[in-house]
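Scroll down for the structure; my scribbles are underneath it.
The values are calculated or read from the model by the stated rules, or taken from the named source; none is laboratory data. The shown structure was predicted, so the numbers you read here are calculated from the model rather than taken from an experiment. Positions of Cβ are backbone-derived with ideal geometry, glycine not excepted, and every protein chain shown enters the neighbour counts. Ligands, DNA and RNA are excluded from the accessible area calculation, which covers all protein heavy atoms including side chains. Shrake-Rupley method; radii C 1.70, N 1.55, O 1.52, S 1.80 Å.
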Amino acid sequence: MFNTANLSALVAGDRQADRVVPPTGFTAQLTLFAAAAMAFLAVFALALSLAAGRLADRWGDALARSATIRIVAPLDQRGAQTDAALSILQTTKGVQSARALSDAEQQALLAPWFGPDLALDTLPVPRLIEVIETAEGMDPAGLRLRLAAEVPGAVLDDHSRWREPLVQAASRLRLLGWMSIVLIAAAVAAMITLAANAALAANAQVIAVLRLVGARDDYIARAFIRRFTLRAFWGAVTGTVLGLLAVLLLPSASDAGGFLTGLGFQGIHWLWPILIPFLAGAVAFAATGAAARRTLKELA
Amino acid sequence: MIELENVAYSYGGGELLSDISLKLAPGSFHFLTGPSGAGKTTLMKLCYGALLPTAGHIRLFGADVRGLDRDDIAVVRRRVGVVHQDVQFLDHLSVTDNISLPLMVSGRQAETQSGDLGELMSWVGLTNRADALPPELSGGERQRAALARAVIMSPDVVLADEPTGNIDWEMSQRLLRLLIELNKMGKTVLIATHDLSLIRATKAHVQARVLRIANRRIQLAGADL
Ligand SMILES: Nc1ncnc2c1ncn2[C@@H]1O[C@H](COP(=O)(O)OP(=O)(O)OP(=O)(O)O)[C@@H](O)[C@H]1O
Ligand SMILES: [Mg+2]
């Protein structure tokens, strides 16, 4: 019933067809406002989904490819055990590089807890070895066995213990973001359906007259569909622009802010919100079309 | 054009019309009379597909009405001009727009620019009310506008339900002359009216048949009119 020819007629516009349905001031404003508000929310849901997605990828990827070995040994054996562990790592499959952290680096890591004046060389602080894996990854169980045999003080931490819940949380967050977008689209559909039904009911007499003079259902429906599609579209354009401005005004990402300030769009992702008005228009088009078809079929 | 075969109709209670057989041949001119409530309007509605018969068959332009979908009905209505007893317009559009509405909705709005529309408006005497809104019209002006709207598509059949109910003798004569002229151009005309003097006046100009609804059936009225 509503094919591409109708769609192009819809975009091109038909002033005559528009005029046969009387204008409606107040409800039109409400539809515009609701579409704008939904688009504004959709921008944030989209930003959340994309940011959570980046986070999940980053944690899943970077952390999955790194591990840490702690050498817990008396001060006099620490150096020797570190060297032994490093030489084992050199012959371990799946290890791209391994390097012991220097005193200065360990000091920087501990400074937030113990202050900058900590004398590391006098304390039995474990030595840390940073292991970067190749893309294929290594076999942590096998490495643990070899380390246990030759370096008694070595503890391998492949990060999976605390990484997995984080990656999971980020993925969940991303899922929630996309679900919000689906819900927002459904809410727009519901709102447009209500508005279109109200408009169709209010114009029952107009529709009856149009039918009597030989108008097809298609023609009548188009007058309503065009209105609501354009209202939803322009409302969503406004809401999207405002939402994007709000995202732009968020403080920019920094190490200290972590996830919160990473909320926003990066690179090509800035193009995603452009889809929101078109999605709103498509939802309104379908919702009004369904409402009109249903109502018109019931009329004599 | 329009054929009824043993048609019966009931609104849910008893039968209002029974066993009606009628053929509106191309170029014919019919009057339909009968007491108020006899079913004249109902019969007209059957003729333009607004009601489906409860028994019997109706053929519009050769097709059984029961087989027509909503789009087919719309197309039938472009070929049948109807002046409704309770005329309804789009109250937010001017008289001109209302009269050219059938052209608009059938994708022929280009023709609204032609001189025919102006000519038609002056024929029904509405030229100086062209920009008025329907609620601002008098009863007679409404009926003239309704007739103009019914004939603007140059339909094959014109059905007029009490077209002269609200207008004076002078104006009803003019309307009738328009209908007679349309009939002479080959259009089929059916007019429902109570006004016997109108029927008599018309018979001087055109060969008209008079149908009367009585006792739920349709009869050809005698020459006594
Ligand atoms: N929609 C309807 N539902 C139920 N009954 C109806 C309906 N429309 C008309 N009627 C009844 O059917 C009967 C015939 O109505 P109709 O309008 O056809 O009469 P009419 O001959 O045109 O009368 P008039 O000369 O007063 O216009 C009337 O008794 C009327 O009350
Ligand atoms: Mg009547």
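Looking at chain B as a GNM with Cα springs under 10 Å, which of B:201, B:145, B:160 has the largest mean-square fluctuation?
Comparing B:201, B:145, B:160 in a Gaussian network model of chain B, the most mobile one is B:201.
Quick one: compute the contact order of segment A:73-152, relative version, from alpha carbon pairs under 8 angstrom and 6+ residues apart, as a percent.
Over segment A:73-152, the number comes to 44 percent.
Round to the nearest 10 and give me the degree value, 0 to 90, for the angle of helix A:140-150's Cα axis relative to the longest principal axis of chain A.
In chain A, helix A:140-150 runs at an angle near 10 degrees to the longest axis.
Over chain A, with a Gaussian network built from C-alpha contacts below 10 Å, which listed residue (A:105, A:133, A:164) shows the highest mean-square fluctuation?
Checking each option, the largest mean-square fluctuation is seen for A:105.
Determine the shape class of segment B:110-185: with a ≥ b ≥ c the square roots of the Cα gyration tensor eigenvalues, call it rounded for a/c under 1.5, and otherwise prolate if a/b is greater than b/c, oblate otherwise.
Here segment B:110-185 falls in the oblate category.
Using only the alpha-carbon atoms, how far is helix A:103-114 inclined from the longest principal axis of chain A? Give it as 0 to 90 degrees, nearest 10.
Approximately 60 degrees, to the nearest ten.
In terms of modelled amide H atoms, which long-range or inter-chain residues lie less than 5 Å from the amide H of residue A:95?
A:134
Out of B:76, A:46, A:208, whose Cα points farthest toward the positive end of the dipole of the protein assembly as shown (charges: +1 Lys, Arg; -1 Asp, Glu; placed on Cβ)?
B:76
Quick one: dipole size for segment B:2-88, taken about the Cα centre, charges +1 on Lys/Arg Cβ and -1 on Asp/Glu Cβ, in debye to the nearest 20.
Dipole about the Cα centre, nearest 20: 240 debye.
Convex hull over the Cα atoms of segment A:179-300, averaged projected area in nm²?
Its Cα hull, projected and averaged over all orientations, spans 8.8 nm².
From the residues A:185, B:17, A:125, which one has its Cα farthest along the dipole of the protein assembly as shown in the positive direction, the dipole being from +1 and -1 charges on Cβ of Lys/Arg and Asp/Glu about the Cα centre?
Of the candidates, B:17 comes out farthest on the positive side.
Debye sum, Cα scatterers, the protein assembly as shown, no solvent: what log₁₀ I/I(0) at q = 0.06, 0.08 1/Å?
-0.52, -0.68
Would you list which lysines come within 29 Å of residue A:297, measuring only between C-alpha atoms, while excluding same-chain residues fewer than 8 positions from it?
Residue A:297 reaches B:40, B:45.
Taking the Cα centre of segment A:73-152 as origin, sum charge times position over the Cβ atoms of Lys and Arg (+1) and Asp and Glu (-1), and report the length of that vector in debye to the nearest 20.
I would put it at about 220 debye.
Can you give me the relative contact order of chain B as a percent, contacts being Cα pairs under 8 Å and 6 or more apart?
Taking the mean separation of contacting Cα pairs over the length of chain B, I get 29 percent.
Determine ³J(HN,Hα), in whole Hz, for all residues of segment A:238-245 in sequence, where each value follows from phi through the Karplus function 6.51 cos²θ - 1.76 cosθ + 1.60 and θ = phi - 60°; x replaces Gly and Pro.
Listing the rounded values in order: 4, x, 5, 4, 5, x, 5, 4 Hz.
With chain A treated as a Gaussian network of Cα nodes joined by springs under 10 Å, which of A:115, A:142, A:94 yields the largest mean-square fluctuation?
A:115
Quick one: what do you get for chain B if you divide its Cα Rg by 2.2 N^0.38 Å?
Normalised by 2.2 N^0.38 Å, the Cα Rg of chain B equals 1.00.
Among A:140, A:74, A:101, flag the residue with its Cα farthest along the positive direction of the charge dipole of segment A:73-152, charges on Cβ as +1 for Lys/Arg and -1 for Asp/Glu.
A:140
Any idea of the accessible area per residue across chain A, 1.4 Å probe, to the nearest Å²?
The answer is 53 Å² per residue.
Which value in deg cm²/dmol, rounded to the nearest 500, describes the helix-derived mean residue ellipticity at 222 nm for chain A, given -39,500 (n - 2.57) per DSSP H run of n ≥ 4 and division by the residue count?
Calculated at 222 nm, the ellipticity per residue is -22500 deg cm²/dmol.
Treat every Asp and Glu Cβ in the protein assembly as shown as -1 and every Lys and Arg Cβ as +1, leave all other atoms uncharged, and give the resulting dipole magnitude about the Cα centre to the nearest 20 debye.
Approximately 1740 debye in magnitude.
Just to confirm the number: angle between the C-alpha axis of helix A:75-90 and the first principal axis of chain A, 0 to 90 degrees, nearest 10?
Computed tilt is about 60 degrees.
Quick check: Cα centre of segment B:172-214 to Cα centre of segment B:6-39, how many Å?
Using only Cα atoms to place each centre, the spacing works out to 17 Å.
At 222 nm, what helix-only mean residue ellipticity would chain B give, in deg cm²/dmol to the nearest 500, using -39500 (n - 2.57) for each DSSP H run of four or more?
Rounded to the nearest 500, the figure is -9500 deg cm²/dmol.
Which value, in square angstrom to the nearest 100, describes the accessible area buried between chains A and B on both sides, using a 1.4 angstrom probe?
Chain pair A/B: roughly 2100 Å² of buried accessible area.
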